[in-house]
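A quick write-up on the structure given underneath.
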Amino acid sequence: MAITKIAQVSWILTFVLLLLTVNYGEAVWLTIPATGGTKCVSEEIQSNVVVLADYYIVDEHNPEHTPAVSSKVTSPYGNNLHHQENVTHGQFAFTTQEAGNYLACFWVDASLKLANPLTLGVDWKMGIAAKDWDSVAKKEKIEGVELQLRRLEGLVQAIRENINYIKDREAEMREVSEKTNSRVAWFSIMSLGVCVVVAGTQILYLKRYFHKKKLI
C-alpha cells in the first residue's frame, strides 16, 4: 500500500514537473531559403540564467551531403557569446550577464548553391531545464520522490525569480510611461502658451495697424 502511494505521488510530481518545464525549454524550427540569407531567433532572458542550446541541419532531400551553416549569438549589449562557421551540428552555452533579448542568428555561405531550402532545428533550454539532474542525483545520492521534489523546488524558485523579473520590468515600463506622459503634458502646456502669446501678438499688431490706417 505504501509503495502504491509513493508511486502515485511520484507520478503526480512528474506530471507537475512536465507542466512547469514547458516555458523553460523549447524547440524552434527555422527555414533558410535556398537563395541564402540569415535567420535569427531571440529570447528575452533575465540575468544569471544558464542557457544551453543545440542546433542542427535537417536535410531530407540530401541527407548524405548536408550543407553547413554558420552561427552567431549576441547579448543585449552586442557582446559576442558564440561564433562558429561551417558546421552541420553545433552547441552553445553561456550564463547571462545582463537582462534583455539574446539573439542567435544562422546563415549559409553565399558561395553555396542550394537546390532546396534548409531546415534548422534549435533546442533552446534555459534555467532549470538546462540543469543536469542526473549529475545532481549521483552527487547527492538522491532518487525517486526526493529527486522529483528537488527538481520541483528548483522550478518553483525559477518561477518566483521570473515573476519578480516581470514585476521589475513592469515597474520600469510604468515609470517610463509616467515620465513620457509628464513630458507630453508639459509640452502641451508650453505649446498652448506659445499659441496664446502668438495670438496676442497678432491681435496687438493688427490693432495698431488699423489705428495707424485710421480704419478703427
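The values are calculated or read from the model by the stated rules, or taken from the named source; none is laboratory data. Nothing here was measured: the structure is a model prediction, and the numbers come from that model. Cβ placement follows ideal geometry from the backbone for every residue including glycine, while neighbour counts extend to all protein chains displayed. Heavy atoms of the whole protein, side chains included, go into the accessibility calculation; ligands, DNA and RNA do not. Shrake-Rupley method; radii C 1.70, N 1.55, O 1.52, S 1.80 Å.
Assorted remarks:
- Over 27 Å between alpha carbons, listed pairs Lys72/Lys125; Lys39/Lys125; Lys72/Lys179; Lys39/Lys113: Lys72/Lys179
- Phi-derived couplings, Karplus 6.51 cos²θ - 1.76 cosθ + 1.60 at θ = phi - 60°, listed residue by residue for segment 27-38: 10, 10, 10, 10, 10, 9, x, 5, 7, x, x, 10 Hz, with x used for Gly and Pro.
- Legend: residues Lys113, Lys167, sorted from most to least accessible area (1.4 Å probe; ligands, DNA and RNA excluded), read Lys113, Lys167.
- With a cut-off of 12 Å between beta carbons, the residues surrounding Ser70 carry a summed charge of 0, where Lys and Arg count +1 and Asp and Glu -1.
- Per-atom-type breakdown for segment 150-216 gives carbon and sulfur 64% of the accessible area (1.4 Å probe, protein chains only).
- Surrounding net charge for Met173, when Lys and Arg each add one and Asp and Glu each subtract one, Cβ distance under 14 Å: -2
- Each Lys or Arg adds one and each Asp or Glu subtracts one; over the other residues with Cβ under 15 Å from the Cβ of Thr38, this totals 0.
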